[in-house]
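Every number here is computed from the coordinates shown, using simple stated rules; none is lab data. These numbers were taken from a predicted model, which means no experiment stands behind them. Please note: Cβ atoms are built from the backbone with ideal geometry, for glycine as well, and neighbour counts cover all protein chains shown.
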Amino acid sequence: MSRITEGEATWPFKRGTLIEHGKSGRAKVQFADEDDNASTWLSVSQRDTKRQKTYDMPAVGSQVWCLLDAYGEDGVIAGAVWSDEDTPPSNDPNIFHAVFGPLEIFVNKTTGEVKVKSAPKVTIEADLLEVKGTVKIEGDSVTHNGKEIGATHKHSKVTPGPAQTGAVV
């Protein structure tokens, strides 16, 4: 059902607040300029939906811009916008800064330097993990297959001199 009468057109580019997530990349938006009426389910614009698929929904409560048909019955959420309440995580145009809850990723677009700040654990799964260049590890412990191999590791059957030692314990 249309929110405006037949023949009455409305501006198709509207700002509102995302109020609910749905299935298949859709969401509902509340428009303050329409007595807080909510939209129908609107698709959310994504960067890509084919081979390089991305899925990144604005959070509930985000200020969003919507492109709507003349009667406000269909459209798309074009994206979220910053507000006084939700400010950008960085104001440096040379830094790409993404925040995913406790995970933050920083990329300096000038130098290419990457910094990742994370919650207590990061897991990388791959058949082969290659690291090229100097590796610096700072921390209390380094383990391999459950055995300490860092600065505090110990060997069994240690014999003074040039003899071979036993396995790491």
Just to verify a number: FRET efficiency for Thr40 and Leu128, C-beta to C-beta distance, R0 = 45 Å, to 0.05? 0.40
Which order do the peptides 132-138, 40-46 come out in when sorted by mean C-beta neighbours inside 10 angstrom, highest first? 40-46, 132-138
Need the list of aspartates and glutamates near Lys23 for cross-linking: C-alpha distance under 17 angstrom, and skip anything on the same chain fewer than eight residues off. Asp56, Asp74
Alpha carbon centre of the stretch 34-96 versus the stretch 100-169: separation in Å? 39 Å
Could you order peptides 97-107, 117-127, 16-26 by the average number of other Cβ atoms within 10 Å of their residues, highest first? 16-26, 97-107, 117-127
Within the stretch 111-126: backbone nitrogen closer than 17 Å to the Val135 label point (7 Å, Cα to C-beta): 122-126
Given Cα pairs under 8 Å that are at least 6 residues apart, what percent is the relative contact order of the chain? 14 percent
Calculate the FRET efficiency for Thr110 and Ala70 from the Cβ-Cβ distance with a Förster distance of 41 Å, rounded to the nearest 0.05. 0.35
Sort largest first and round to whole Å: the equivalent ellipsoid semi-axes of the stretch 13-80, each the square root of five times a Cα gyration tensor eigenvalue. 21, 12, 10
So Arg15 and Leu103, fully extended at 0.36 nm per residue minus their Cα-Cα distance, gain in nm 28.8 nm
Taking a ≥ b ≥ c as the square roots of the eigenvalues of the Cα gyration tensor, with a/c under 1.5 meaning rounded and otherwise prolate when a/b exceeds b/c and oblate if not, the stretch 90-150 is prolate
Can you bin every Cα-Cα distance in the chain into 5 Å intervals starting at zero and give me the percent of pairs per bin, rounded to whole numbers? 1, 6, 10, 12, 12, 11, 8, 8, 7, 6, 5, 4, 3, 3, 2, 1, 1, 0, 0, 0
